[in-house]
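Student: There's a structure below that I have some questions on.
The values are calculated or read from the model by the stated rules, or taken from the named source; none is laboratory data. Source: prediction; values computed, not measured. Note that we place each Cβ from the backbone using ideal geometry, even for glycine, and neighbour counts take in every protein chain shown. Just so you know, the surface numbers come from the protein's heavy atoms only, side chains and all, with ligands and any DNA or RNA stripped out. Shrake-Rupley method; radii C 1.70, N 1.55, O 1.52, S 1.80 Å.
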Amino acid sequence: MVKKYKKIVNNQACGCLIDEILEKKENKDEKNKNNSRLCSASQSDMEFFVDPDPLKTSIDFYQRHLTDGLPIIPPTRERANRFLDYSKHDPSELLALLPPKMGQATPEKIAINSIMAGCLPQFQPVMEHVIQAISQDKFNLAGVNATTHPVSICTIINGPLTHELGMNSGAGCLGPGNMANATIGRALRLCLINIAGAIPGVGDHATHGSPAKYSYCFTENEDETPWDLFHVENGYLKDDSTVTVMAAEAPHNVNDHRSQTAEDLLETIIHTAVTAGCNNSHVPGELLVIMSPEHSTTISRDGWEKEDVKDHIHENALLPASLGDRGGRKLDDEWIISEDVRITRSPSDVLLLVAGGPGRHTMISHGFGNGSLSVTLPITLKDGSMVHSVEEFKIK
């Protein structure tokens with residue numbers, strides 16, 4: 001006969017619901033509440049509090065359409081406070097309005113989604129600047145979220161903070177394995193779901209979606225680029241740190257292990273980029289080109305500067321207008337040149353960076369035509385002064 005054991009219940013155990021923790025419901029009878037506590041179940045100063053069960057919380061949040069489908073870390077008050085230590089803003093200060101729901105992005109809401117994504121508290125300043133960048137009018141977040149096109153948001157971070165945060169600019173920088181790259185990109189997506197309301201099939205109408213919508217974040221390989229760094233090219237100092245956001249498709253590989261000259265290699269890159277059916281084919285716009293150090297070395301060895309590469313791509317990335325005029329919008333005659341159409345409007349539409357590790361590969365991402373323009377913002381303190389360490393945000 002199996003012996004039955006009576007379940008022992010501790011009436012003082014923490015039984016708070018995650019909703020109560022997030023909403024910071026207070027016990028009116030409690031005075032001098034310690035905000036680092038998860039709940040007020042016990043007055044003891046020497047007691048362990050157990051976090052909400054991660055699996056239960058993940059399932060609960062998933063059922064409420066608050067996640068990207070992957071497990072999350074429960075965003076407790078204690079964790080949120082650690083993130084907010086790295087913000088110069090009041091937790092409830094409005095940093096941006098995010099369409100389509102016009103959700104109010106505050107440091108606290110950004111922190112909650114960053115916690116869920118697995119970020120470290122030190123990533124909070126970067127996330128706040130990323131959210132402010134996507135809210136700029138020229139980025140057109142409403143269009144990016146609402147389109148049936150599988151456009152994602154690529155986040156590029158430059159400057160000294162990338163080293164401090166441990167970002168990956170080398171081998172596998174666009175893939176798994178690096179906490180900062182992965183979780184910053186994921187935190188942005190969770191902010192889009194939970195603040196902007198970009199829930200697949202509701203506020204996000206992408207026909208198929210894209211793996212890049214989970215996370216698409218990297219940094220430039222500063223040590224191996226032969227050209228000006230991307231943020232320096234855009235008017236900032238090398239010691240400044242910036243965030244750039246671009247509406248972009250998932251990256252596509254360009255495999256060229258044979259070309260030994262700049263022109264031959266660029267011909268391969270251009271032929272890969274010029275495809276009928278890409279968004280740029282009927283609405284010319286931005287094109288992200290992420291070159292490996294080996295490809296950039298081949299090109300620079302022939303004396304080509306970054307501007308030369310951008311000019312060459314713009315001038316030669318053409319396809320027959322008859323193929324380009326098959327997209328979601330009729331091809332404007334102004335883009336047609338001798339029955340061909342360029343996929344970029346000017347050389348400035350080519351965003352060229354060096355990243356990645358060994359191997360003769362380049363990655364390209366088509367943009368969202370002229371429906372969105374990339375935005376670069378400096379990472380600054382609230383007064384506008386540049387920062388060189390995230391620890392500066394903790395100085396109150």
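Student: Let me check I've understood the local charge: for Leu318, count other residues with C-beta under 9 angstrom from its C-beta, Lys and Arg +1, Asp and Glu -1. What total comes out?
Tutor: Details: positive: Arg342; negative: Glu315, Asp340.
My count for the surroundings of Leu318 gives -1.
Student: Taking the Cα centroid of region 172-187 and of region 79-112, what is the distance between the two, rounded to the nearest whole Å?
Tutor: One Cα centre to the other: 21 Å.
Student: Note down the relative contact order for region 119-226 as a percent, whole number, built from C-alpha pairs under 8 angstrom at least six residues apart. Walk me through the intermediate numbers first.
Tutor: Values: 130 pairs, mean separation 42.7, N = 108.
Once normalised by length, the contact order is 39 percent.
Student: Whenever you get a sec, line up Tyr86, Tyr62, Tyr236 from highest to lowest accessible area (probe 1.4 Å, protein heavy atoms).
Tutor: Working: Tyr86 15, Tyr62 135, Tyr236 55 Å².
Heavy-atom accessible area, descending, gives Tyr62, Tyr236, Tyr86.
Student: Another one. Rounded to whole Hz and in sequence order, give me ³J(HN,Hα) for region 253-261 from the Karplus expression 6.51 cos²θ - 1.76 cosθ + 1.60, θ = phi - 60°, writing x for Gly and Pro.
Tutor: Those phi angles translate into 6, 10, 9, 9, 9, 9, 4, 10, 10 Hz.
Student: Sticking with this one: Not counting ligands, DNA or RNA, and with a 1.4 Å probe, what is Leu331's accessible surface area in Å² rounded to the nearest 10?
Tutor: 10 Å²
Student: Magnitude of the Cβ-charge dipole of the chain, K/R +1 and D/E -1, about the Cα centre, nearest 20 debye? Before the final figure, lay out the partial values.
Tutor: Details: 36 positive and 52 negative charges, 500 e Å.
So the magnitude is around 2400 debye.
Student: Could you work out the relative contact order of region 252-339, using alpha carbon pairs under 8 angstrom and six or more residues apart, expressed as a whole percent?
Tutor: Details: 65 pairs, mean separation 35.7, N = 88.
This gives 41 percent for region 252-339.
Student: What whole-number value in Å² describes the accessible area per residue of region 62-196 for a 1.4 Å probe?
Tutor: Numbers: 4690 Å² over 135 residues.
That works out to 35 Å² for each residue.
Student: Picking from Pro320, Trp227, Gln122, whose Cα lies most toward the positive end of the charge dipole for the chain (charges on Cβ: Lys, Arg +1; Asp, Glu -1)?
Tutor: Farthest towards the positive end: Gln122.
Student: On the accessible surface of the chain, probed at 1.4 Å, how many percent belong to carbon and sulfur atoms?
Tutor: Values: 9760 of 19060 Å².
Carbon and sulfur together cover 51 percent of it.
Student: Quick one: the Cα spread of region 301-396 along its three principal axes, in angstroms, biggest first?
Tutor: 60, 37, 21
Student: Sort Arg77, Arg64, Arg329 by accessible area with a 1.4 Å probe, largest first.
Tutor: Listed by decreasing accessible area, they come as Arg329, Arg64, Arg77.
Student: Separate question: What number, in percent, do you get for the relative contact order of the chain if the mean sequence gap of Cα pairs under 8 Å and at least 6 apart is divided by its residue count?
Tutor: 19 percent
Student: Of all DSSP beta bridges located in region 252-396, what percent are antiparallel, nearest 5? Don't skip to the end; give the middle numbers.
Tutor: Values: 15 of 20 bridges.
So the antiparallel bridges in region 252-396 amount to around 75 percent.
Student: In square nanometres and to one decimal, what's the mean projected area of the convex hull around the Cα atoms of region 147-200? Walk me through the numbers before you get to the answer.
Tutor: On the way: hull surface 18.5 nm².
Dividing the Cα hull surface by four gives the mean projection, 4.6 nm².
Student: While we're looking at this one, here's another question. Express in Å², to the nearest 10, the accessible area of Met363 obtained by rolling a 1.4 Å probe over the protein heavy atoms while all chains stay in place.
Tutor: That residue has around 50 Å² of solvent-accessible surface.
Student: Provide His231, His205 ordered by accessible surface of protein heavy atoms (probe 1.4 Å), highest first. Numbers along the way, then the final one.
Tutor: Working: His231 0, His205 85 Å².
Sorted by accessible area, descending: His205, His231.
Student: Leaving out ligands, DNA and RNA but keeping every protein chain, what accessible area does Ile134 have, in Å² rounded to the nearest 10, with a 1.4 Å probe?
Tutor: Its accessible surface works out to 0 Å², give or take rounding.
Student: How much net charge surrounds Ile336 when only other residues with a Cβ under 12 Å from its Cβ are counted (Lys, Arg +1; Asp, Glu -1)? Show your work: numbers first, answer last.
Tutor: Working: positive: Lys330, Arg342; negative: Asp325, Asp332, Asp333, Glu334, Glu339, Asp340.
Result for the local shell: -4.
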